[in-house]
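Remarks on the structure that follows.
The values are calculated or read from the model by the stated rules, or taken from the named source; none is laboratory data. From a predicted model like this one, the values you see are computed outputs, not experimental measurements. Because the Cβ atoms are built from the backbone with ideal geometry, glycine has one as well, and the counts that use them run over all protein chains shown. Each accessible area value is taken on the protein alone, full model and side chains, heavy atoms only, with ligands, DNA and RNA left out. Shrake-Rupley method; radii C 1.70, N 1.55, O 1.52, S 1.80 Å.
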Amino acid sequence: MRGPGTEQQLADGRTLRYYDDRGGSGAGRPTPDERPMTPQDRSRAGEVRRDPLTGDWVAVAAHRNDRTFLPPADQCPLCPTGSPGSSGAPSEIPAPDYDVAVLDNRFPSFSAGAVGPGAGSTVDGEALWPAGPAAGRTEVVCFSSDHAASFGDLGVDRLRTVVRTLAHRTEELGALPDVAQVFCFENRGEEIGVTLAHPHGQIYAYPYVTPRTQALLREARAHRERTGGSLLADVLAAERRAGTRVVLEAEHWTAYVPAAARWPVEVHLAPHRDVPDLAALEDAEREELAHVQLDLVQRLDRFFPEVEHLPYISGWHQAPTGAGRDLGRLHLQAFSVLRQPGKLKYLAGSESGMAAWINDRTPEAIAQRLREVAR
């Protein structure tokens with residue numbers, strides 16, 4: 001797999017990688033980071049603690065309270081250094097321009113150098129609360145040097161680069177011994193809690209398998225024992241047979257609203273072939289994905305005529321790197337907290353307290369609307 005065009009070290013020792021579109025943009029030329037920074041303290045990632053009531057691991061990363069919060073556009077840390085409209089101060093990206101850039105998060109939840117309790121450690125010496133270092137990785141993926149751009153504005157050429165970038169990072173991070181699962185995602189919109197307006201996503205390489213994936217693996221294992229089939233593949237086949245919630249179909253991909261959708265706007269995108277992660281996609285599947293995902297995001301942006309860019313979370317669910325990998329299957333989940341323009345779906349008592357979901361719109365109505373707004 002073709003890797004980044006250029007890698008360089010930032011002033012505090014973090015790694016920055018540039019990925020260029022076809023023909024490049026000149027971003028492949030390394031530009032020194034001349035900021036007066038001290039080497040990053042990689043132990044800042046904190047620790048993980050296990051909740052004995054659910055079995056979930058919780059990352060404790062108090063240093064993230066100090067992360068950059070909604071800076072003015074001319075002080076955006078993800079714009080190229082010296083870009084038009086900037087304050088002229090050096091940013092996280094020392095190059096004067098770039099296509100796609102990936103950098104180690106300055107405020108990581110998980111880090112390669114995380115220092116914490118050793119194996120077998122506990123909180124307060126109590127066996128009920130196992131703890132350990134928050135080992136892993138957290139990376140920021142900048143989709144464009146244009147601060148005002150949005151994912152749906154990027155175009156097919158850029159989407160090809162984004163797909164290649166996420167596949168390459170999935171492959172590299174998934175091969176690390178302390179990584180159990182790689183999650184590539186985008187938070188978009190202040191309603192979601194975004195603290196940087198620049199078009200970007202993130203990659204979390206977790207040291208454990210996440211609760212949602214644990215639940216999926218549990219159901220997939222039971223489904224295999226019961227039927228001999230693959231749960232996610234069988235769900236996709238059933239949605240395609242029913243057709244009532246299918247949003248779009250292509251040669252290699254289908255987008256559908258799940259029959260038990262939780263969110264007032266939600267859609268899944270899945271490959272027709274059994275694929276564990278983005279790194280395993282073939283060239284034809286990647287090429288079509290660039291077109292299909294762009295189409296899907298543009299439909300989401302047209303869901304509410306009054307809303308220019310739908311606030312959403314869009315994330316790639318990938319198989320874990322170890323145990324249970326044969327039960328996982330790649331799929332994208334995109335959803336929004338917006339139930340009507342100006343009205344948010346709050347995760348209040350039932351959802352937050354009991355994880356018992358109540359949807360404000362039928363899955364069939366969501367799918368119908370996403371079909372209506374096709375161009």
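Brief remarks follow.
- Ellipsoid semi-axes in whole angstrom, largest first, where each is sqrt(5λ) of the Cα gyration tensor of region 176-251: 29, 22, 11
- Cα centroid separation - region 288-302 against region 196-223, whole Å: 22 Å
- Under Stokes-Einstein, with the Kirkwood radius over Cα pairs as Rh, the value for region 271-375 at 37 °C and 0.692 mPa s is 204 µm²/s.
- Considering only Cα atoms, the convex hull volume of region 331-375 works out to 107 Å³ per residue.
- In this label model, E249 and E308 are separated by 3.7 nm, measuring between points 7 Å along each Cα→Cβ vector.
- Percent of C-alpha pairs per 10 Å bin in region 186-229, short distances first: 23, 26, 28, 17, 6.
- Among D74, D301, D104, the residue with the largest mean-square fluctuation in a Gaussian network model of the chain, with springs joining Cα atoms closer than 10 Å, is D74.
- Here the 3J(HN,Hα) profile of region 138-147, calculated from phi with Karplus coefficients 6.51, -1.76 and 1.60 at θ = phi - 60°, is 9, 10, 10, 10, 8, 7, 6, 7, 7, 4 Hz, Gly and Pro shown as x.
- Semi-axes of the equivalent ellipsoid of region 43-194 are 34, 18, 14 Å, computed as sqrt(5λ) over the eigenvalues of the C-alpha gyration tensor in descending order.
- Solvent-accessible heavy-atom area per residue, rounded to whole Å², over the chain at 1.4 Å: 45 Å²
- Only protein atoms count toward the accessible area here, which uses a 1.4 Å probe; on region 171-267, the carbon and sulfur part of that area reaches 50 percent.
- Residue-span extension gain [E351 to A237] - 0.36 nm each, minus C-alpha spacing: 38.1 nm
- With every protein chain in place, region 115-170: carbon and sulfur % of accessible area (1.4 Å): 55 percent
- For the chain, the Cα gyration tensor yields ellipsoid semi-axes of 31, 28, 21 Å (square root of five times each eigenvalue, largest first, whole Å).
- Karplus (6.51, -1.76, 1.60) ³J(HN,Hα), θ = phi - 60°, over region 82-92, in Hz, Gly and Pro reported as x: x, 5, x, x, 7, 6, x, 6, x, 10, 5
- The chain - Cys residues lacking any other Cys C-beta under 4.7 Å: C142, C184
- Residues W263, W357, ordered by accessible area of protein heavy atoms at a 1.4 angstrom probe radius and largest first, appear as W357, W263.
- Per principal axis, descending, Cα span of region 36-91 in whole Å: 52, 24, 15
- Percentage, to the nearest whole number, of Cα pairs in region 155-212 over 18 Å apart: 47 percent
- Size descriptor, Kirkwood hydrodynamic radius, that averages inverse alpha-carbon separations across region 80-163, Å: 16.0 Å
- Taking every C-alpha pair closer than 8 Å and separated by at least 6 residues, the mean separation divided by the residue count of the chain gives a relative contact order of 15 percent.
- When Rg and the Kirkwood radius Rh are both evaluated on Cα atoms of region 206-295, their ratio Rg/Rh stands at 0.97.
- Kirkwood hydrodynamic radius over Cα pairs of region 266-317, then Stokes diffusion coefficient at 4 °C and 1.567 mPa s, in µm²/s: 103 µm²/s
- Nonlocal amide H pairs with V100, under 5 Å, H built at 1.01 Å: Y19, D21
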